[in-house]
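The values are calculated or read from the model by the stated rules, or taken from the named source; none is laboratory data. No experiment lies behind these values; they were computed from the predicted model shown. Reconstructed Cβ throughout: ideal geometry from the backbone, glycine too, with neighbour counts over all protein chains shown.
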Amino acid sequence: MGPGCSTSSTATPSKHTSERAPIPAAVPQTSGQQLGPQMRLASRTCSMGYVTRSAISHFLEMHPEAPKDEALSLHANSDTSQSLYFWQLYSVLGTDRIVKIVQNLYARIAADDEEPWLRNAFTRLSDWEHHVATQAAFWLDAMGRGKSYHGGEYRLHFHHQHNACHVMTQVGAARWMHHMRHALDESDLGSDPRVRGTIDAFLHARMEKYAGEFGFQTGDRVYKSWCSDEWVRTGSWREAGPEPCEPKQCPVTGQVGDCEVRARQTSEQSTSSGSDSPS
């Protein structure tokens, strides 16, 4: 979920005194230009990074309907009726907005007293400034700014496997996505209406990749709103998070969900009891 490991990056925020929710200084960006229809947004210098090609390749495997020639361009089409892809997001958002999304994400995780196990998974490794810097570097690298996340996919997988494996789970993904959705809600995504959907598609592709690598399920628990009733707090929840509730299953029909047979039997028993009671 969150890239880590100590390596310099091109998006290194400044120091901040708050341990719970630091807001590092933004990096200056080039202002955009007004371009005509069917032209590429080329006001920013974009280039392939350490993870860009592999991230694009994985995305295209999941979305074979996407035109392959789009993988060759890191600049977005200025016509907003045309598709936008995550590797073109830097050309639209620039550095400031991408870094700010990450800042908002980790500010929320740092302040999460309801589910402190996720916050603790980060604080036991490093400070918040480090996590913001590395996550922002990964996003900038994947989104077309260039070589920002040194070590690429190998570094990312090593971190997840050796430092964060206890939260590379369904509940870890669900809570991380809960904070990411809210971070995106409160972030400045610019005026391009395609941006939010493009980021959502990027997050979906990455989560599916991590789910395959670490053997957890995604589905509604990860991609829909967080619901505490769907999780059971076992003895180890403070370290690794709660466990998913087993879905209700009808003993007669085998269907998952509320048992209509049981509900009907309960209703009939209730009616029968009512009819036997003295008037």
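In table form, for the structure just shown:
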| item | result |
| --- | --- |
| Unique match (being over 28 Å from ALA71 (Cα atoms) and assigned by TED's automatic domain parsing to the domain that holds ILE56) among HIS157, HIS166, HIS150 | HIS166 |
| Qualifying residue in region 212-220 (condition: closer than 29 Å to SER91 by Cα and crowded, with 18+ Cβ neighbours inside 10 Å) | no |
| Flag if GLU243 is at pLDDT below 85, in contact with a helix residue (DSSP H, G or I) (Cβ under 8 Å, 6 or more places away or on another chain) and surrounded by 10 or more Cβ atoms within 10 Å (Cβ to Cβ) | yes |
| Residue match in region 150-158 (condition: free of Cβ contacts under 8 Å to residues at least 12 places away in the same chain and out of contact with any helix residue (DSSP H, G or I) (no Cβ under 9 Å at 6 or more places or on another chain)) | yes |
| Residues satisfying the stated conditions in region 152-191, i.e. among the basic types (Lys, Arg) and modelled with pLDDT of 90 or more | ARG175, ARG181 |
| Number of the condition not met by ASP188 [criteria: (1) more than 22 Å from LYS224 (Cβ to Cβ); (2) assigned to a helix (DSSP H, G or I); (3) charged (D, E, K, R)] | (2) |
| Condition met for THR134 (hydroxyl-bearing (Ser, Thr, Tyr) and within 23 Å of HIS182 (Cα to Cα)) | yes |
| Flag for SER83 being in a helix (DSSP H, G or I), at pLDDT 90 or above and not β-branched (Val, Ile, Thr) | no |
| The one condition in (1) within 20 Å of CYS46 (Cα to Cα); (2) over 11 Å from the mean Cα position of the chain (by Cα); (3) in a helix (DSSP H, G or I); (4) of a type in the set (Phe, Trp, Tyr) that PHE158 fails to fulfil | (1) |
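One line per residue, one yes/no per condition, for (1) at pLDDT below 90; (2) more than 26 Å from GLN170 (Cα to Cα):
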residue	(1), (2)
ALA42	yes, yes
SER47	no, yes
ILE56	no, no
ASP69	yes, yes
GLU115	yes, no
GLN135	no, no
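Listed here are the residues, each with its yes/no results for (1) crowded, with 24+ Cβ neighbours inside 10 Å; (2) in contact with a Cys (Cβ under 7 Å, 6 or more places away or on another chain).
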{"residue": "HIS130", "(1), (2)": "no, no"}
{"residue": "ALA137", "(1), (2)": "yes, no"}
{"residue": "GLY144", "(1), (2)": "yes, yes"}
{"residue": "HIS150", "(1), (2)": "no, no"}
{"residue": "ARG155", "(1), (2)": "no, yes"}
{"residue": "HIS162", "(1), (2)": "no, no"}
{"residue": "HIS166", "(1), (2)": "no, no"}
{"residue": "GLN170", "(1), (2)": "no, no"}
